[in-house]
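The values are calculated or read from the model by the stated rules, or taken from the named source; none is laboratory data. Since this is a predicted model, take the numbers as computed values, not measurements. Don't worry about glycine lacking a Cβ; one is built from the backbone with ideal geometry, like all the others, and counts go over all protein chains shown. Ligands, DNA and RNA are stripped out before the accessible areas are found, and what is left, the full protein with its side chains, is counted by its heavy atoms. Shrake-Rupley method; radii C 1.70, N 1.55, O 1.52, S 1.80 Å.
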Amino acid sequence: MKNKEISGPTSREIKALFDTHSVHEAWMEIARRYGKVFWYQGMVATCDPDVVETLLLNKVHTDQRSKSYLLLSKIPGAKGLLFLEGEHWQKSAQAAMPVLRKDNIDRFPEFVYRTTLTFTTKWQSEGHIEDLFTAVTELGAAIMLKVSCGLEPEDELSQLLSHQLIQYKMQTMSSEAKGRLDEFYLDASKLRSLHHIVLGLFSLWKRTGAIKKLVETFLQANPRTSALNNNSNNYLHNLKQAGFSLSEIASQFNHLYGAFNAIDYSITCALYLLSQHDEWIGRLRAEFSQVLEGQAYPSPQHFPQLVQTMRFMKEVFRTYPVAMTVARRTGKPVRYNDGEIPAGTEVMILLYALHHHPEFWSAPDTFNPDRWASPTPHKSFAYIPFLEGPRQCIGRHWATLNFIVILHALLSHYDFNILKSKVEINRYLIPRFAEKIPCQVYPRVM
């Protein structure tokens, strides 16, 4: 195993790939050049579906979180469900589940639809959107605050909290490389940027403090602490009832918002892809009209009939995964074709490579929602937008409902003119578009 570890790429070699290739090309060249399982910086990186299946489904590999997650949890405002393990994870998951369970999420299609139209009317009146992702993020934050703790978008507290949550997230997703820590080629040379990192962490600490004060205001204004008066669909109150401190509640709430924000990125990706494949605008509009039969908005009972819409959504999630990698720590040895990954090894699952690998997909670089008409368009565990197993994403019902209802509201009432024909994604492990996406919004001419 030591020889295999030495034979892996260096961070300098990986950085050179990103410096000389597009982001898509770099990730795929890594998989092509070094194989589906390789050693890198003392860890294992893999896009082998069989290894991925073992890591995700076997509980022994989920009991302990990756050291990288535990390290990230030290960032001010970042400690939350994804990064927790043991009793703290169980308590946090129990607080979140009432909010994210399907029967609760299914109550919100009308709210999502009407809020989307309210925001889009504002976009239209302004005539020009400087950045589509920022606009969708503001919509998503308003929806998240209603779904998670009952705050209405027009409430002053909701607007203040929305602003702080968005600013925190935008800072952590900044295109300024000096302050980011989610680079696949991260090494000791990052110490040269220590000054920028420290300043960034201090700024996040102050912003987390502002979120904490707003959360405290909410809890004091809504003191539902008794069992008879408690609303289990309120995430903030659930965290308080679970015994978390105010600082922990603020951090976990901020963390949950970060998870919600991933679907804002997916919706932006969908609109960007529609601008390049406009035949799908007509196909989706026709299907919405046929299935809804005059109803204002889709509800979960319509989803099985929205066949083309579901295929389109799956292909968006495949094309633009919301994370380039996820991490696991092996609880026991994992066998693969050429060897064995020892117990206690940090493993990075290369999601982007899984979703685009030519051994697992036909024409993987082509955006083709019709590929999902096939019962088996890919190798098992080559498509895992929500992961699987004991630590799978518990927000998958929310992501589906939000995506479909917002997409329907936008396509049914408006036309979008994206003013850049090609926008690349950035090279970080949490991807976003590398530049702003200017856009114009017009009422749809029927």
Those residues of the range 89-105 which are open to solvent by 50 Å² or more (accessible area, probe 1.4 Å), touching a residue at least 40 places away in the same chain (Cβ under 8 Å) and not basic (Lys, Arg) amount to Gln94, Met97
Among residues of the range 346-389 being hydrophobic (A, V, I, L, M, F, W, C), part of a helix (DSSP H, G or I) and farther than 17 Å from Leu429 by Cα, the residue most open to solvent (accessible area, probe 1.4 Å) is Ala373
Flagged in the range 256-288 as open to solvent by 20 Å² or more (accessible area, probe 1.4 Å), over 17 Å from the mean Cα position of the chain (by Cα) and in contact (Cβ under 8 Å) with a residue 24 or more places away in the chain, in numbering order, are Ser275, Gln276, His277, Ile281, Arg283, Arg285
Counting only residues in the range 151-165 that are touching a Leu at 6+ places or on another chain (Cβ under 9 Å) and not in a helix (DSSP H, G or I), the one surrounded by the fewest Cβ atoms within 10 Å (Cβ to Cβ) is identified as Glu152
In the range 232-255, anything open to solvent by 10 Å² or more (accessible area, probe 1.4 Å) and among the β-branched types (Val, Ile, Thr) is listed as none
When restricted to Gln171, Gln124, the only residue on the phi < 0 side of the Ramachandran plot, assigned to a helix (DSSP H, G or I) and either in contact (Cβ under 8 Å) with a residue 60 or more places away in the chain or open to solvent by less than 40 Å² (accessible area, probe 1.4 Å) (or both) is Gln124
| task | Test Ser148 against the criterion of being under 17 Å from Ile263 (Cα atoms), in a helix (DSSP H, G or I) and open to solvent by 10 Å² or more (accessible area, probe 1.4 Å), and give yes or no. | result | no
> Residues in the range 302-319: is at least one part of a strand (DSSP E or B) and either open to solvent by less than 10 Å² (accessible area, probe 1.4 Å) or within 21 Å of Arg391 (Cα to Cα) (or both)?
Replying inline: no
By residue number, the members of the range 327-342 that are open to solvent by less than 20 Å² (accessible area, probe 1.4 Å) and either at pLDDT below 95 or of a type outside the set (Gly, Ala, Ser) (or both) are Arg328, Thr330, Val334, Gly339, Ile341
On the basis of being closer than 30 Å to Gly209 by Cα and either open to solvent by 40 Å² or more (accessible area, probe 1.4 Å) or over 24 Å from the mean Cα position of the chain (by Cα) (or both), does Gln41 make the cut?
no
For the range 404-432 the number of residues that are open to solvent by 30 Å² or more (accessible area, probe 1.4 Å) and within 18 Å of the chain's Cα centre (by Cα) is 3
Expected single match for touching a residue at least 24 places away in the same chain (Cβ under 8 Å), of a type outside the set (Phe, Trp, Tyr) and touching a Ser or Thr at 6+ places or on another chain (Cβ under 6 Å) among Leu401, Leu350 is Leu350
Residues of the range 257-301 being within 27 Å of Thr137 (Cβ to Cβ) and either touching a His at 6+ places or on another chain (Cβ under 6 Å) or assigned to a loop (DSSP other than H, G, I, E, B) (or both), in sequence order, are His277, Asp278, Phe288, Ala296, Tyr297, Pro298, Ser299
